[in-house]
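Input: a single structure, listed below in structure tokens.
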Amino acid sequence: MPDPTTHGGHRGDRITRIELGLHDVPLAFPVSDAKVLTGRQKPMAEVSVLTCHVETADGLTGLGFSYTTRAGCRAQFAHASEVAGVALGQDPSDIAKVYDSLLWAGASVGRSGVATQAISTIDTALWDVKARRAGLSLAKLLGSHRDSVRTYNTSGGFLQAPVEEVCDKASASLAAGIGGIKMKVGQPDLREDLRRVAAVREHLGPDVPLMVDANQQWDRATALRAGRALAEHDLMWIEEPLDAYDAQGHAALSRALDTPIATGEMLTSVGELVRLVDLRAATFLQPDVPRVGGVTPYLRVATLADHAGLQVAPHFVMEIHVHLAAAYPRESWVEHIEWLSPLFDERLTITDGRMQVPTAPGLGLTLSDQAAGLRRDHVELRAD
């Protein structure tokens, strides 16, 4: 029997190298949601991505990544660079233990926000290592319920686009095999929102799943009026109708409307998301692995959501979330946004409204040659 204290067994392995990279990925054109129309933000022209490569004494490697839009990735990069050293020398299979040590290393700045977003990239890389060690995709390592997941497209439905363009892009998405369409709402004039949604619903017909996303820009009264007016369009959900931290408001809205509510993408800790679960504030909970702190806290949220009978429709980063959605007992949706595609060699396969779960070990991702050209900074840490 092999000695488990040697590198031939899990318990003998250790983290020997961590490399962090900061990348700026430009979008094909700037996009605007309701936060832009209300004057709170400027159009988004790029996504900043924090990557992490982990190497172990056994010769295994893992890739993880986090992201920000508009601001914050340099803060993530700085924080991760400060705390990552505590993971060196630890067993990469002890992910929860490593995660706690990273949290405590940065505890003076809290356990949410930038602090958790920064270490999410390390945590995700360790899950990639663990799945690669087992020779399984991350979905199979976690215990997959399905080999494909329902998918919907968002990137064609932003508010800077005339409604005719939204319709054209929706048709193109459906032709490419995507199963549902999400469009942005939250115009200063609610009547314009209603006009655009009516036009898209008429274009799609009654059978295509349609979601809308207000990006937190309605107050409670407006959200109630909008939700009632939108009911005739048979929406799959209304996303972020209220401020992300207004759990009670979302709960009241969920009780008042027949259309399901979706929210949770902006929250950055298990505790914040658990409040939504406890209040049954949404039918579709939308945790985001990079924002909530990694795969480890995401799984904690998912367990509680399942216990409460909720759907989980993770936000963005389809390259990670396709695995986690496949491993969730209740079938939901994964958001198709192709913005991060330049970073990776691989492409997800989509057919008949469903995104196929990759079968390669781990996340099934490798950084592309183009990613090197998009890198703005990096740091490397090695065990003594």
Would you say Val334 is buried (at least 18 other Cβ atoms within 10 Å of the Cβ) and assigned to a strand (DSSP E or B)? yes
Look at Val149 and say whether it is crowded, with 21+ Cβ neighbours inside 10 Å and part of a helix (DSSP H, G or I). no
Would the range 301-319 turn up any residue that is of a type in the set (Phe, Trp, Tyr) and on the phi < 0 side of the Ramachandran plot? no
Just a yes or no: is a residue in the range 341-354 hydrophobic (A, V, I, L, M, F, W, C) and more than 29 Å from Ala84 (Cβ to Cβ)? yes
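So how many residues does the range 320-338 have that are out of contact with any Ser or Thr (no Cβ under 7 Å at 6 or more places or on another chain) and touching a residue at least 60 places away in the same chain (Cβ under 8 Å)?
Here is the first cut: in the range 320-338, the ones out of contact with any Ser or Thr (no Cβ under 7 Å at 6 or more places or on another chain) are 321-322, 324, 328-332.
With touching a residue at least 60 places away in the same chain (Cβ under 8 Å) added as a condition, the list becomes 322, 324, 328-329, 331-332.
The number of residues fulfilling the criteria is 6.
Within the range 199-224, which residues are of a type outside the set (A, V, I, L, M) and in contact with a Lys or Arg (Cβ under 6 Å, 6 or more places away or on another chain)?
Initial filter on the range 199-224 (of a type outside the set (A, V, I, L, M)): 201-203, 205-207, 209, 213, 215-220, 222.
Within the range 199-224, Asp213, Asn215 meet the criteria.
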Among the residues of the range 239-259, the number that are touching a Gly at 6+ places or on another chain (Cβ under 6 Å) and either surrounded by fewer than 17 Cβ atoms within 10 Å (Cβ to Cβ) or assigned to a strand (DSSP E or B) (or both) is 0
Just one of Val49, Val25 is under 19 Å from Gly72 (Cα atoms), crowded, with 20+ Cβ neighbours inside 10 Å and either outside the structural domain of Glu82 (by TED's automatic domain parsing) or not hydroxyl-bearing (Ser, Thr, Tyr) (or both); which is it? Val49
Under 9 Å by Cβ, and 6 or more places apart or on different chains, what pairs join a residue from the range 143-159 that is farther than 17 Å from Glu319 by Cα and in the same structural domain as Val208 (by TED's automatic domain parsing) with one that is assigned to a loop (DSSP other than H, G, I, E, B) and among the hydroxyl-bearing types (Ser, Thr, Tyr)? His145/Tyr328; Phe158/Ser32; Leu159/Ser32
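Tell me whether the range 65-79 contains one or more residues that are hydroxyl-bearing (Ser, Thr, Tyr), at pLDDT 90 or above, surrounded by fewer than 17 Cβ atoms within 10 Å (Cβ to Cβ) and touching a strand residue (DSSP E or B) at 6+ places or on another chain (Cβ under 8 Å). Spell out the reasoning first.
Residues of the range 65-79 that are hydroxyl-bearing (Ser, Thr, Tyr), as a first pass: 66-69.
Subset that is at pLDDT 90 or above: 66-69.
Now drop any that are not surrounded by fewer than 17 Cβ atoms within 10 Å (Cβ to Cβ), which leaves 69.
If we keep only those that are touching a strand residue (DSSP E or B) at 6+ places or on another chain (Cβ under 8 Å) as well, we get 69.
Within the range 65-79 (the criterion being hydroxyl-bearing (Ser, Thr, Tyr), at pLDDT 90 or above, surrounded by fewer than 17 Cβ atoms within 10 Å (Cβ to Cβ) and touching a strand residue (DSSP E or B) at 6+ places or on another chain (Cβ under 8 Å)), the answer is yes, since at least one residue qualifies.
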Is it the case that Arg300 is part of a helix (DSSP H, G or I) and either touching a Cys at 6+ places or on another chain (Cβ under 7 Å) or more than 15 Å from Gly362 (Cα to Cα) (or both)? yes
Anything in the range 343-355 that is in contact (Cβ under 8 Å) with a residue 60 or more places away in the chain and either within 17 Å of the chain's Cα centre (by Cα) or in a loop (DSSP other than H, G, I, E, B) (or both)? List them, or say none. Leu343, Asp352, Gly353, Met355
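The values are calculated or read from the model by the stated rules, or taken from the named source; none is laboratory data. If you're wondering where the values come from, they're calculated on a predicted model, not measured in any experiment. In this analysis, Cβ positions are derived from the backbone assuming ideal geometry, glycine residues included, and neighbour counts consider all displayed protein chains.
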